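Following: one structure in structure tokens, then a few remarks.
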């Protein structure tokens, strides 16, 4: 049978995740993996989840195993409403934050419509945007507020000249994936101003926000204008990704379209998991678990930066995140992290090439490293190996740099 003739036009826009392809090729326990965004197994409160599940069954019985509301079970929506200080009608539960990204795109984007995003940006979001045939415009970051605004205005103006409509801007403002960097308050305000002036929505993806290891929290973009921002949250990094639960905070008119769309996708998020998460939140276990995770990851984040300074060849630089799960490595121009990947993996170390996070395919000399999954001993050994291989590659390419870190 000619299956190709049966596929929709959308399938041509589907993008394979290089991270998931890694997991198909290797056993993570047998290599040094800096590739995925996996939480540490030590971050899971197994006893807490077990006790929460037993309490849920005792309290709710068969109700916890039945279908429930598409918006999410009332108990979880109420718990999220109280935790984040938003009205109940502004809370929609999703089957993971990834579904939140996907459903926002599905209800707002027609083929050819523009999604603005930072350059680089989260790979899973780029996959979703492409699957709906969005026109993705990545905007390079600038630390200067004037230049930051000018770059976004230039991108918006160019889209308008092309006859394209900007539907939303996607941003991870806290400990961005892949860079680990945090957007300052001044630039969050600038994005809200642009959204108001040009009539688009901001999709604020915040799966890492509660994992801050140093410094002070920056107000969410949602708090600056709740009616032009859809705020996405997730239990994956603060409780367990296996629950596949997230949420969207937003204007009820926007959430109503998302609600209708979600009905056709999965009817409702996993009900038993929602009750377990509710019990975990309301019992205080979630806050306690977040504090445990922050202590664990803070040591790994700081340790990775110290080890990079010890092992990496001169001319290799990296970001210094205040939280989250990732940092971004930059090699001298001429280094190709995509071509280098097979050599690294053959030698037992994995990363994700940075170009996959760039909508325009740039960033060939960059890579994302995760510090949450492995313990410090394995991080140490893995970075020694990766640094040696990078040094050998730089020598082979004649790209050794004398400038210090």
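The values are calculated or read from the model by the stated rules, or taken from the named source; none is laboratory data. These numbers were taken from a predicted model, which means no experiment stands behind them. Methodologically, a virtual Cβ is constructed for each residue, glycine included, from the backbone with ideal geometry; neighbour enumeration extends over all protein chains shown.
Here is a check on your reading of the model: is residue 218 in the same structural domain as residue 154 (by TED's automatic domain parsing) and assigned to a loop (DSSP other than H, G, I, E, B)? Write out each step before concluding.
Numbers: in the same structural domain as residue 154 (by TED's automatic domain parsing): yes; assigned to a loop (DSSP other than H, G, I, E, B): yes.
In short, yes.
Show the residue pairs meeting these rules: Cβ distance below 7 Å; 6+ apart or different chains; first residue within the stretch 1-30 and assigned by TED's automatic domain parsing to the domain that holds residue 126; second residue at pLDDT below 70.
none
Scan the stretch 370-388 for residues that are over 11 Å from residue 311 (Cα atoms) and surrounded by fewer than 20 Cβ atoms within 10 Å (Cβ to Cβ) and jot them down. Explain how you work it out, then say what you get.
Applying the first criterion (over 11 Å from residue 311 (Cα atoms)) to the stretch 370-388 yields 370-379.
Those that are over 11 Å from residue 311 (Cα atoms) and surrounded by fewer than 20 Cβ atoms within 10 Å (Cβ to Cβ): 375, 376, 377, 378.
Quick check on my filter: what residues within the stretch 221-246 are closer than 27 Å to residue 271 by Cα and part of a loop (DSSP other than H, G, I, E, B)?
Once the filter is applied, which keeps residues that are closer than 27 Å to residue 271 by Cα and part of a loop (DSSP other than H, G, I, E, B), the stretch 221-246 yields 235, 236, 237, 238, 239, 240, 244, 245.
Answer with yes or no whether residue 367 is within 20 Å of residue 305 (Cβ to Cβ), in contact with a helix residue (DSSP H, G or I) (Cβ under 8 Å, 6 or more places away or on another chain), in a loop (DSSP other than H, G, I, E, B) and touching a residue at least 12 places away in the same chain (Cβ under 8 Å). Reasoning before the result, please.
Details: within 20 Å of residue 305 (Cβ to Cβ): yes; in contact with a helix residue (DSSP H, G or I) (Cβ under 8 Å, 6 or more places away or on another chain): yes; in a loop (DSSP other than H, G, I, E, B): no; touching a residue at least 12 places away in the same chain (Cβ under 8 Å): yes.
Considered against the rule, which asks whether it is within 20 Å of residue 305 (Cβ to Cβ), in contact with a helix residue (DSSP H, G or I) (Cβ under 8 Å, 6 or more places away or on another chain), in a loop (DSSP other than H, G, I, E, B) and touching a residue at least 12 places away in the same chain (Cβ under 8 Å), residue 367 comes out as no.
Consider residue 204 carefully, then state whether it is in contact (Cβ under 8 Å) with a residue 24 or more places away in the chain and either outside the structural domain of residue 370 (by TED's automatic domain parsing) or within 18 Å of the chain's Cα centre (by Cα) (or both). Write out each step before concluding.
Working: in contact (Cβ under 8 Å) with a residue 24 or more places away in the chain: yes; either outside the structural domain of residue 370 (by TED's automatic domain parsing) or within 18 Å of the chain's Cα centre (by Cα) (or both): yes.
In short, yes.
Is there a residue being surrounded by fewer than 20 Cβ atoms within 10 Å (Cβ to Cβ), closer than 30 Å to residue 35 by Cβ and out of contact with any helix residue (DSSP H, G or I) (no Cβ under 7 Å at 6 or more places or on another chain) anywhere in the stretch 177-185? Full working, then the answer.
To start, the set of residues in the stretch 177-185 that are surrounded by fewer than 20 Cβ atoms within 10 Å (Cβ to Cβ) comprises 184-185.
Imposing the further condition that a residue be closer than 30 Å to residue 35 by Cβ reduces the set to 184.
Now narrow it down to the ones that are out of contact with any helix residue (DSSP H, G or I) (no Cβ under 7 Å at 6 or more places or on another chain): 184.
So far as the stretch 177-185 goes, yes, one or more of its residues are surrounded by fewer than 20 Cβ atoms within 10 Å (Cβ to Cβ), closer than 30 Å to residue 35 by Cβ and out of contact with any helix residue (DSSP H, G or I) (no Cβ under 7 Å at 6 or more places or on another chain).
Here are 10, 4: which of them is touching a helix residue (DSSP H, G or I) at 6+ places or on another chain (Cβ under 7 Å), at pLDDT below 95 and part of a helix (DSSP H, G or I)? Write out each step before concluding.
Working: 4 fails: touching a helix residue (DSSP H, G or I) at 6+ places or on another chain (Cβ under 7 Å).
After ruling out the rest, the residue left standing is 10.
So residue 111 passes all but one of these: (1) surrounded by 17 or more Cβ atoms within 10 Å (Cβ to Cβ); (2) at pLDDT 95 or above. Which condition number does it fail?
(1)
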